[in-house]
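The values are calculated or read from the model by the stated rules, or taken from the named source; none is laboratory data. Keep in mind the model is a prediction, meaning the values are calculated, not measured. All Cβ positions, glycine included, derive from the backbone under ideal geometry; neighbour counts span all protein chains shown. Heavy atoms of the whole protein, side chains included, go into the accessibility calculation; ligands, DNA and RNA do not. Shrake-Rupley method; radii C 1.70, N 1.55, O 1.52, S 1.80 Å.
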Amino acid sequence: MSGFGPATRVQQSVDAVSREVDGQLVILTPSEGTLHELDGLAALVWSLCAEPVAVEEITARIVDEYDVEKAVAQEDLVSFLVKMIDVGAIIEK
């Protein structure tokens, strides 16, 4: 995986399956056979990744919807995306 920048595009992996269970978004990554529960913000990021999307677009949406500075939002977003890429739920486009 290359370094992330604002223009880096990401998307949900076709191998990952998501479902809402008892009001919680759950992602199954078959390659690992593990379930990942996503909170409200992570679920928003997941939904935005349904189609290829740039990190800067996701960051802008987070800043619009949450009371957070852009630099903090982008740093936290990249950290989350790296974790999701590591488990096979998100791919870099």
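Details
- The chain, relative contact order in percent, only Cα pairs under 8 angstrom and at least six apart counted: 40 percent
- Within the chain, helix-based [θ] at 222 nm, where runs of 4 or more DSSP H residues each add -39,500 (n - 2.57), nearest 500: -12500 deg cm²/dmol
- Ligands, DNA and RNA aside, R19 has an accessible area near 150 Å² when probed at 1.4 Å.
- Global form of segment 1-51, assessed from the alpha-carbon gyration tensor, a/c cut-off 1.5: oblate
- Degrees separating the helix 55-65 axis from the principal Cα axis of the chain, which is the longest one: 80 degrees
- The residues neighbouring Q11, those whose beta-carbon lies less than 11 Å from its own, together hold a net charge of 0 under the Lys/Arg +1, Asp/Glu -1 convention.
- FRET efficiency, 1/(1 + (r/R0)^6) with R0 30 Å, evaluated for D67 and Q11 via beta carbons: 0.65
- Fraction in percent of alpha-carbon pairs per bin - 10 Å, the chain: 17, 52, 28, 3
- Within the shell of other residues whose beta carbon sits under 9 angstrom from the beta carbon of L25, the net charge comes to -2, with Lys and Arg scored +1 and Asp and Glu -1.
- Extension gain from L35 to K93, taking 0.36 nm per residue of separation minus the Cα-Cα distance: 18.5 nm
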